[in-house]
Structure formats: structure tokens, C-alpha cells
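Okay, structure first, notes after.
The values are calculated or read from the model by the stated rules, or taken from the named source; none is laboratory data. This one's a predicted model, so the numbers in the text were calculated from it and none came from an experiment. Quick reminder, even Gly has a Cβ in these numbers, built from the backbone with ideal geometry, and neighbours come from all protein chains shown. Side chains included, ligands, DNA and RNA excluded: accessible areas come from the protein's heavy atoms. Shrake-Rupley method; radii C 1.70, N 1.55, O 1.52, S 1.80 Å.
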Amino acid sequence: MSVVEVLQKAYQDELLDALRAERAAERVPYPHLRALLEEVVRRERAHAEAIAEALRRQGASLPPMPQVEEEGWEALLRLLSEEGFDRAYYLESTFPEPDLEALFTRLGHEERLNQEAVRKAVALLGGGL
């Protein structure tokens, strides 16, 4: 996979995770847990924008907006799973360009925050969405 293809896939993954977090947050009845998920949304959208900037520097176009199919509890569980995969992927990826290497390392570390927030929401909700 080329650098541009990797970035385009990462961009779509980040947007998809933001959409999943938004869908899950809509159904959360507790403000403190909804706030946790809204923070995940903010980080995921910031990640997507950072990747979009990297794509622009590569002279590449942005891929189409992904569609999320899950809602509520299903979206939350899928998000929890994806955050773990994203974290590992970002931290294990290597690039010949130091800027991209630094970006993916930062995103990997921030995905840990998302994973912890979603895990906490899942544990406290206990299937109650």
C-alpha cells in the first residue's frame, strides 16, 4: 500500500470512529458519560483533520465520507474494538518521512485516551443503551 493509500484509509477510519462515537453519545442518558464520548469525537475529528493535512501535503485528494451503520450499543462496542486496532496500527506503522512517522506516533498515543474513555463508558453503562 502506498503512503497516500495508508493516509486515505486512516482518514476514513478516523471519521468513521467519530461518527460511531457521535451515534453512541446520542443515546447515552448520563451527561458525564456523554461528555466522555464527545471528547472522543473531538479527538477523532482532530485526527482526521491532521491526516487530511498530510494528504494535502502529498498532493492527494480526500476519500469520500464513510457511512456508519451501527447505532447505540453496537456503535459503542465497535468503537471500543476499533480504538484498540487503531492504536496498534499507528504505533506499529513506519514511514520514510519523519513528519508522517511523528504524526502516526502521536495519533497512536492519543488513541489510548479514546480507548480508555470508551472502555469506561462501556463499563459504566453495562449494556444499557
Test result for ARG45, at pLDDT 90 or above, touching a helix residue (DSSP H, G or I) at 6+ places or on another chain (Cβ under 7 Å) and farther than 19 Å from ALA123 by Cβ:
yes
Just checking, does segment 71-81 include any residue being among the acidic types (Asp, Glu), part of a loop (DSSP other than H, G, I, E, B) and free of Cβ contacts under 8 Å to residues at least 40 places away in the same chain?
no
Would you call ALA117 hydrophobic (A, V, I, L, M, F, W, C) and in contact (Cβ under 8 Å) with a residue 60 or more places away in the chain?
yes
Taking segment 42-74 as the search range and keeping residues that are acidic (Asp, Glu) and open to solvent by less than 90 Å² (accessible area, probe 1.4 Å), which one is farthest from GLN12 (Cα to Cα)?
GLU70
Hey, among the residues in segment 12-35 that are assigned to a helix (DSSP H, G or I) and out of contact with any Asp or Glu (no Cβ under 9 Å at 6 or more places or on another chain), which one's nearest to TRP73 (Cα to Cα)?
LEU33
